[in-house]
Amino acid sequence: MIPIISKLPQTPTTIFSVMSALANEVGAINLSQGFPDYECSPVLTDLVNKAMQDGHNQYAPMPGLLSLREQISQKTEKLYGATYNPDSEITITAGGTQAIFTAISAVIHPNDEVIIFEPAYDCYAPTIKLMGGIVKSLELHPPDYKIQWDMVKKLISNRTRMIILNSPHNPTATILDAEDIKQLNDIVTNRDIIILSDEVYEHLVFDGQQHLSMARYPELQQRSFIVASFGKLFHTTGWKIGYCMAPAYLMQEFRKIHQFNVFSVNTPMQVAAAEYLKDENIYLSLPDFFQQKRDHFREGLKQTRFELLPCSGSYFQSVRYQNIADEKDSDFAMRITRETGVAAIPVSAFYSRGTDHQILRFCFAKKQETLDKAVDRLVKL
Ligand code: GLN
């Protein structure tokens, strides 16, 4: 064996792989990793088949198919009032995670500091570290997980290069509000801080609330990479396709990396997505679609001994289990997967210090019968 110095010595296998593998092994209902258990629209799969049959089987242009970038540009303008030039400011990626990786690698140099809010989606910190950057994490606390902006101010230094935001938030299901935007704006004004805004759940915002995309605010938009995901939009997480939007000066650097780690994303899916996106109902119907699932699942969980946390967006519902058990969240998640037959994500996996508030995250992007079956099992706890 050749001696290797690990670049990420402390990084375990992602919790999503661990929990999904365990759920499969023991035959549990998998409410851990976030993905739908129902089919996407046959219109969409027909469009992909047609694209293949029509011969769209060779490389797409490096930044993605222009027709798809045009659709994205129009959608963004319509929803958030921002103009992104499809030629120079939008790139199709192999999913949200790749877009996040590429954005961080494009701008983070050794010793640059990046502020993240924990619990944080698990790819942010390892990617920052891989680039030699320094993770400055601020812990948020249940039940509301509000960002304490005074604490953010204390973390800012002249080496702060980036702030990573995620709204709707995975795993806590919170969303940024107008006051958050104001505070963020105050902090970044007159500072060379880039924003990486992970907005992959942008269409999953409930109770008539609005998604406050960075694209709505010209001063923030000018310094932001915005990451989006067709997996969430089309119920096709396995297609691994998403996109990144940023002003041209940032996108230029993004593409320098993208061209050598991905080059371009699979063509037939892009041809299909460009056509499918022409129907605005595809995304305008998503809040209601998922709100129904949320409400149904929450109603069901009320029969259990779990304590429900609020859910304003995303397709995740968090619960406290202090009335049921007193063990570590990772142990509890493993145990109920094996013994009760329902898999969930232990939220401590999203804290670099492993902070454990004894909370589990369930994904409700599932058929009603799956949610009902899961509740039937969870009631027994
Ligand atoms: N975003 C999904 C989740 O939070 C998982 C994605 C993945 O497994 N990489 O569950």
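The values are calculated or read from the model by the stated rules, or taken from the named source; none is laboratory data. Since the model is a prediction, treat every value here as computed from it, not as a measurement. Every residue, glycine among them, receives a Cβ derived from its backbone with ideal geometry; neighbour counts consider all protein chains shown. Side chains included, ligands, DNA and RNA excluded: accessible areas come from the protein's heavy atoms. Shrake-Rupley method; radii C 1.70, N 1.55, O 1.52, S 1.80 Å.
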Inset, instruction - May I ask you to verify whether Y201 is of a type in the set (F, W, Y) and farther than 30 Å from D356 by Cα? - result: no
Legend entry - Residue check for R377: surrounded by 14 or more Cβ atoms within 10 Å (Cβ to Cβ) and in contact (Cβ under 8 Å) with a residue 40 or more places away in the chain: yes
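Given D112, D54, which one is over 19 Å from L250 (Cβ atoms), more than 16 Å from the ligand (Cβ to nearest atom) and acidic (D, E)?
After ruling out the rest, the residue left standing is D54.
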Inset, instruction - Kindly establish whether I359 is open to solvent by less than 50 Å² (accessible area, probe 1.4 Å) and within 28 Å of A125 (Cβ to Cβ). - result: yes
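Please report, ordered by residue number, the helices (runs of 4 or more DSSP H) entirely within the stretch 201-300 with at least 3 residues that are closer than 14 Å to S314 by Cα. Break it down stepwise before answering.
Details: elements: 218-221, 230-234, 248-261, 267-276, 281-284.
Here the list reads 230-234.
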Legend entry - Failed item, numbered, when L233 is tested on (1) among the aliphatic types (A, V, I, L, M); (2) surrounded by fewer than 20 Cβ atoms within 10 Å (Cβ to Cβ); (3) within 14 Å of the chain's Cα centre (by Cα): (2)
Inset, instruction - Search the stretch 218-241 for residues that are in contact (Cβ under 8 Å) with a residue 60 or more places away in the chain and pair each with any residue that is in a helix (DSSP H, G or I) and of a type in the set (G, A, S) when their beta-carbon atoms are under 6 Å apart and the residues are at least 6 apart or on different chains. - result: Q221/A215; F225/A103; V227/G96; V227/A99; S229/G96; T237/G231
Inset, instruction - Name the residue, out of R294, R305, R320, R338, that is touching an Asp or Glu at 6+ places or on another chain (Cβ under 8 Å) and not assigned by TED's automatic domain parsing to the domain that holds K146. - result: R320
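Residues that are among the basic types (K, R) and either open to solvent by 20 Å² or more (accessible area, probe 1.4 Å) or assigned by TED's automatic domain parsing to the domain that holds I336 (or both): list the helices (runs of 4 or more DSSP H) wholly contained in the stretch 1-110 that include at least 1 such residues.
Per the criteria, 42-53, 66-80.
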